[in-house]
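Structure first, then comments.
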Amino acid sequence: EPMEALLFGVLISIAGILLLMFFVNVMTAFLSAMSLATYVFVYTPLKMRTSFHTLIGAVTGALPPVMGWAAVTGTVSEEAWILFSILFVWQLPHFFAIAWVYRDDYGKAGMQMLSVVDADGRVTLRQVFLLSLVLLPVSLLPAAAGMAGSLYALTALVLGLIFVAFAGLLYRTKSREDARSLYFVSLIYLPTLFGMLFIDKGVSL
């Protein structure tokens with residue numbers, strides 16, 4: 001029943017924050033609480049009111065690596081915000097591609113997705129392409145900050161160019177098939193990028 005689901009959700013949310021507070025650190029617990037509150041009380045209600053909700057959701061979705069950094073170091077430093085930036089920018093073209101494929105379903109549900117209010121897709125798909133361009137230099141920030149070496153930088157560059165190519169194709173065709181292709185490219189992109197960051201942490205060729 002709805003009330004049972006609500007109670008369960010509240011209890012496990014409180015339990016999760018308390019576990020982080022007592023077994024990790026206060027900073028991680030605080031970030032977790034902020035992420036939870038933003039998702040539940042801001043992002044979710046805004047889905048039915050404005051297409052700008054996606055930006056709020058991207059903030060929430062980009063906080064986990066910041067929480068991980070805080071869990072290990074007890075601080076939120078420049079490196080944490082670099083990881084946040086990569087995930088924040090990546091989420092937008094990733095999600096807009098999904099939203100373009102399922103725009104009819106979102107519209108029937110009354111959700112104010114950009115792909116719903118932008119009927120011909122001109123704005124949505126332009127955003128996808130421009131954000132893929134932004135992602136390219138943002139993904140190189142770990143190398144610039146000394147978090148990773150040249151192998152990571154080369155991988156980020158190649159992945160970024162592939163992402164841009166698929167985003168550009170979608171911008172030209174506006175087809176659901178190319179949106180699905182970009183979506184799958186985005187799924188490969190992120191774990192490959194972060195995997196190489198793990199492998200090439202501060203190592204130069």
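The values are calculated or read from the model by the stated rules, or taken from the named source; none is laboratory data. What you are looking at is a predicted structure, and each value in this text was computed from that prediction instead of being measured. Virtual Cβ from ideal backbone geometry, glycine too; neighbours counted across all protein chains shown. Just so you know, the surface numbers come from the protein's heavy atoms only, side chains and all, with ligands and any DNA or RNA stripped out. Shrake-Rupley method; radii C 1.70, N 1.55, O 1.52, S 1.80 Å.
When the residues of the stretch 124-142 are filtered to those that are closer than 16 Å to Leu190 by Cα and free of Cβ contacts under 8 Å to residues at least 40 places away in the same chain, the one that is surrounded by the most Cβ atoms within 10 Å (Cβ to Cβ) is Ser132. Only one entry in Arg180, Arg172 is more than 16 Å from Phe129 (Cβ to Cβ) and basic (Lys, Arg), namely Arg180. Please go through the stretch 40-90 and pick out each residue that is of a type in the set (Phe, Trp, Tyr) and surrounded by 14 or more Cβ atoms within 10 Å (Cβ to Cβ). Tyr43, Trp69, Trp81, Phe84, Phe88, Trp90 - these are the residues of the stretch 40-90 that are of a type in the set (Phe, Trp, Tyr) and surrounded by 14 or more Cβ atoms within 10 Å (Cβ to Cβ). Considering the stretch 182-205, and only residues there that are among the aromatic types (Phe, Trp, Tyr) and surrounded by fewer than 13 Cβ atoms within 10 Å (Cβ to Cβ), the residue that is nearest to Val89 (Cα to Cα) turns out to be Phe184. If the condition is being in contact with a helix residue (DSSP H, G or I) (Cβ under 8 Å, 6 or more places away or on another chain) and surrounded by fewer than 16 Cβ atoms within 10 Å (Cβ to Cβ), then the stretch 26-39 contributes only Met34.
Which ones in the stretch 111-146 are at positive phi and at pLDDT 90 or above? Gly146 - this is the single residue of the stretch 111-146 that is at positive phi and at pLDDT 90 or above. Residues in the stretch 154-181 that are more than 21 Å from Tyr102 (Cβ to Cβ), crowded, with 20+ Cβ neighbours inside 10 Å and among the small types (Gly, Ala, Ser): Ala156, Gly160. Among all residues of the stretch 71-79, there is none that is more than 24 Å from Ile17 (Cα to Cα), touching a helix residue (DSSP H, G or I) at 6+ places or on another chain (Cβ under 8 Å), in contact (Cβ under 8 Å) with a residue 12 or more places away in the chain and among the polar types (S, T, N, Q). Evaluate the following for Leu18: is it open to solvent by less than 100 Å² (accessible area, probe 1.4 Å) and either modelled with pLDDT under 95 or over 13 Å from Met67 (Cβ atoms) (or both)? Against the criterion (open to solvent by less than 100 Å² (accessible area, probe 1.4 Å) and either modelled with pLDDT under 95 or over 13 Å from Met67 (Cβ atoms) (or both)), Leu18 qualifies. Of the helices (runs of 4 or more DSSP H) lying entirely inside the stretch 99-205, those containing at least 2 residues that are among the hydrophobic types (A, V, I, L, M, F, W, C) span 114-117, 122-139, 141-144, 150-173, 176-199. Determine, yes or no, whether Ser150 is more than 26 Å from Tyr102 (Cα to Cα) and in contact (Cβ under 8 Å) with a residue 24 or more places away in the chain. Against the criterion (more than 26 Å from Tyr102 (Cα to Cα) and in contact (Cβ under 8 Å) with a residue 24 or more places away in the chain), Ser150 qualifies.
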